[in-house]
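A short write-up of the structure that comes next.
The values are calculated or read from the model by the stated rules, or taken from the named source; none is laboratory data. The structure displayed is predicted, hence computed values, not measured ones. So basically every Cβ, Gly included, is an ideal-geometry build from the backbone, and we count neighbours across all protein chains shown. We work out accessible area using only protein heavy atoms, side chains counted, and drop any ligands, DNA or RNA first. Shrake-Rupley method; radii C 1.70, N 1.55, O 1.52, S 1.80 Å.
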Amino acid sequence: MADLSFFKDTFDRHATGGVIGDPQGRLGYAYMRVSSSGQAEEGRSGLPRQITRIHEAAAKNGICIPWDMVYADDHTGFEFRDRPELSKLRDELKNPDRLADDVVIEYLDRLSRNADWHQGFLLDEMEQHNLQALFWKGFSSRIERAVMGAISQDGMERELQNMYEGTLDKARSGRITAKTPNYGYIFVDAEGKESPKVKKETYYAPHPEESLIVELIFQKVALEGMSTRAVAYYLEGRIPPPRKYQYWEPRQIGLFIRNPVYKGEFVCHRWEHVKVPAKHQRPGEPIRMVSAKRERPRDEWIIVPVPPLVSEELWEAANAMMDKNAKMSSRNSKLKYLLTGLTECAECGYAYSGACRTYHRKDGGKTLTRSYRCTSRSNRVKVIRDAIGCTQGGVNSDVIEDAVWHSICQVLLEPEQLLAQLDEELAGGERANLQKQMSYIQKQIRNLAVEDEKLYKAYIADVFDANEFAARRQLLKERESTLQNELDVLSDRQVTTEQIEADKALILEIAEALRAAGTAIDAPYELKNRIIRMVVEKVMIDAANQTFELYGFVKGTHALALSGSIASSSAGRDLTRQS
């Protein structure tokens, strides 16, 4: 949430005795929202304007609102975890000892711009708890509310579509669509000048100093064979890092090398944001979807020619060297790490990641060690490591993996506590909240069925002709389809009684299998991986104190060194002897 205290001046300007609205009126809440943190930044008018209009509406309705009863969000979505202040207000309205029975809002779309069901759900919830919603610009009936909501949603969707189409038209005309220029370039107008016209006539020209640094980076990789880490080391302290960055980083160098803009091709319409299944799913639960960036087919890309900063030959050579370095890197050995994606450093909060190192022995053979290392220290230049200041060392993979698995087995062999946690989830508040939303949508779908029946009876009674009947019925069907899609999305997120009972049965089955096996440590990798990801969400490693903490169904702090000790090279395996 952005710092919203900047509009306190607006509040104080309207306030009398520390409250806005009617100083002699009854207590009330205020809710405001802007659709992005950018709009919530100091100097933007959205929230100050809303506080002014809420003051006017509160005064008109005999309500006084103190500062500590003002709630404000900076997010456009409906997910309550993304609207923390709205969630707090919803919790407050359910409180039998709440301070007020009114909430003042500027417009209906400040609650949500989605008129399909979000607005109605929130208003109905307020009505059920005897909280009255008052608006600076209100509505006199549910029909007017629906019309206002539909206009707001349609305007939002049309605005987004216009912005999208405008971006594509801009790229097709040979102009740059980036909001900020790539490193090495500046924005210029059609005449090659840095003028106010660049916002509309956006083209690229080489930056006098940065373009030379870009060429240097490509030369270091392509001609000298330097790795991205070595280039970052070379640049740090010699050349200031790109805008908004504190340091040069290997990943940043890699992005430069891969970017075709430096050979003269600015690519627009290359990426799209889609919902995809999360990598790690718990067995028995609905598939969890996450947002991901996906590359579009090449024939959909829009290539805008720009002045190249390096020759195509140098660009290709640098990319070929990047590919070669990647293949030779010991980090790309096909080794399995049981805790990939789950580990986090207890000191700095960065992830721990799997790393391998090859040691050459005097007899000509090789020894390969596996470990988990804090990413705040690995693959970063010294100045960044020093700035983060993490002192945690590496953890031998066998040690941490065996210790985590042993701790989980201790619980699974006596699973009563884990089963109780699943029962708690079955009765949890988030599940109840989802069920409440689903019930509301189901009610709306039933109402549409009633409307459809009334529409048919009106048609039979010759209230309107066949064409008008077909048009009106089509609108009902489209709305029903939209609501059904929303219901399906919520259903996918809902953990059912059957799914939790299936989880419990699986846990009992695993516990019985472990008892029958006699020794859990020797379980196959695939079985360990499946069980760990089912019951653990995060493993917090404190290498300095030789402990780790588990989060998820299996919780608690445990000693790390069951056998062996913490070391990045205390255990290894022999590779094929080479002469």
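Among residues of the stretch 212-230 that are more than 16 Å from Trp315 (Cβ to Cβ) and aromatic (Phe, Trp, Tyr), none has a beta-carbon under 8 Å from a residue that is open to solvent by 70 Å² or more (accessible area, probe 1.4 Å) and at pLDDT 90 or above at least six positions away or on a different chain.
Identify, from the list Asp574, Asp492, Asp465, Asp522, the residue that is open to solvent by 80 Å² or more (accessible area, probe 1.4 Å), modelled with pLDDT under 80 and under 26 Å from the mean Cα position of the chain (by Cα). Show your work before the answer.
Working: Asp574 fails: under 26 Å from the mean Cα position of the chain (by Cα); Asp465 fails: under 26 Å from the mean Cα position of the chain (by Cα); Asp522 fails: under 26 Å from the mean Cα position of the chain (by Cα).
Checking each option against the conditions leaves just Asp492.
In the stretch 38-87, which residue that is closer than 18 Å to Lys8 by Cα, acidic (Asp, Glu) and modelled with pLDDT under 80 is most open to solvent (accessible area, probe 1.4 Å)? Top of the filtered list is Glu42. The set of residues in the stretch 527-571 being at pLDDT 75 or above, open to solvent by 50 Å² or more (accessible area, probe 1.4 Å) and charged (D, E, K, R) consists of Glu537, Lys538, Glu549, Lys555. Hey, does the stretch 280-300 have a residue that's modelled with pLDDT of 90 or more, among the hydrophobic types (A, V, I, L, M, F, W, C) and open to solvent by less than 40 Å² (accessible area, probe 1.4 Å)? No, the stretch 280-300 contains no residue that is modelled with pLDDT of 90 or more, among the hydrophobic types (A, V, I, L, M, F, W, C) and open to solvent by less than 40 Å² (accessible area, probe 1.4 Å).
Can you tell me which residue is least open to solvent (accessible area, probe 1.4 Å) among those in the stretch 98-111 that are in a loop (DSSP other than H, G, I, E, B) and at pLDDT 90 or above?
Filtering the stretch 98-111 down to residues in a loop (DSSP other than H, G, I, E, B) leaves 98-101, 106-107, 111.
Imposing the further condition that a residue be at pLDDT 90 or above reduces the set to 98-101.
Values: Arg98: 41, Leu99: 113, Ala100: 5, Asp101: 84 Å².
Of everything passing the filter in the stretch 98-111, Ala100 is least open to solvent (accessible area, probe 1.4 Å).
Against the list (1) open to solvent by less than 50 Å² (accessible area, probe 1.4 Å); (2) among the hydroxyl-bearing types (Ser, Thr, Tyr); (3) at pLDDT 85 or above, the condition Ser311 fails is (1).
Here are Glu425, Glu509, Glu430, Glu414: which of them is open to solvent by 70 Å² or more (accessible area, probe 1.4 Å), at pLDDT below 80 and within 30 Å of the chain's Cα centre (by Cα)? Quick ask: steps written out before the conclusion?
Numbers: Glu425 fails: open to solvent by 70 Å² or more (accessible area, probe 1.4 Å); Glu509 fails: within 30 Å of the chain's Cα centre (by Cα); Glu414 fails: within 30 Å of the chain's Cα centre (by Cα).
That would be Glu430, the only listed residue that is open to solvent by 70 Å² or more (accessible area, probe 1.4 Å), at pLDDT below 80 and within 30 Å of the chain's Cα centre (by Cα).
Looking only at the stretch 314-350, residues that are farther than 30 Å from Pro524 by Cβ, modelled with pLDDT of 85 or more and not in a loop (DSSP other than H, G, I, E, B) come to 10 in all.
If you check Thr167, Thr180, which single one turns out to be over 29 Å from Glu313 (Cβ atoms) and among the hydroxyl-bearing types (Ser, Thr, Tyr)?
Details: Thr180 fails: over 29 Å from Glu313 (Cβ atoms).
None of the others qualify; the one that does is Thr167.
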